[in-house]
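Visitor: Submitted below is the structure of interest, expressed as structure tokens.
What follows draws every value from the coordinates through simple rules; no lab data is involved. Source: prediction; values computed, not measured. Cβ sites come from the backbone with ideal geometry, for glycine too, and all protein chains shown count toward neighbours.
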Amino acid sequence: MYRTDDDTQGPAAEPFPLIRGALRRRRLIVGAGTALPALLLIWLALRTGVPDFLIAAPIASAVTYGVLSLALEVVDLVAETLMPR
């Protein structure tokens, strides 16, 4: 149930598992991160009755898409050049 030092050491242990996992699931992270602001702003528009949030939803999604794509691209670049294989 609990990990011991024997489980995490040795040649089978993958270094930097969170970074490698994020790079493997890049499309899922960007897709979920892009959908979240749109859903939040649509819900907020319906909840408050302010239609301006409906205009801001696609803009926020586009900005979030760009930021997340760029961030994961930088992580990929750092992983390729600086991390040991």
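Visitor: Does the stretch 54-73 hold any residues that are of a type in the set (A, V, I, L, M) and farther than 15 Å from L18 by Cα, and which are they? Break it down into steps so the answer makes sense when it comes.
Guide: Initially, the stretch 54-73 is screened for residues of a type in the set (A, V, I, L, M), giving 54-57, 59-60, 62-63, 67-68, 70-72.
Residues satisfying the conditions are L54, I55, A56, A57, I59, A60, A62, V63, V67, L68, L70.
Visitor: Applying the selection to the stretch 33-70, what residues are exposed (fewer than 12 other Cβ atoms within 10 Å of the Cβ) and small (G, A, S)?
Guide: Hit for the stretch 33-70 is G49, nothing else.
Visitor: Scan the stretch 24-77 for residues that are free of Cβ contacts under 8 Å to residues at least 24 places away in the same chain, in a helix (DSSP H, G or I) and within 28 Å of E14 (Cα to Cα) and jot them down.
Guide: R24, R27, L28, G31, A32, V67, L70, A71, E73, V74, L77
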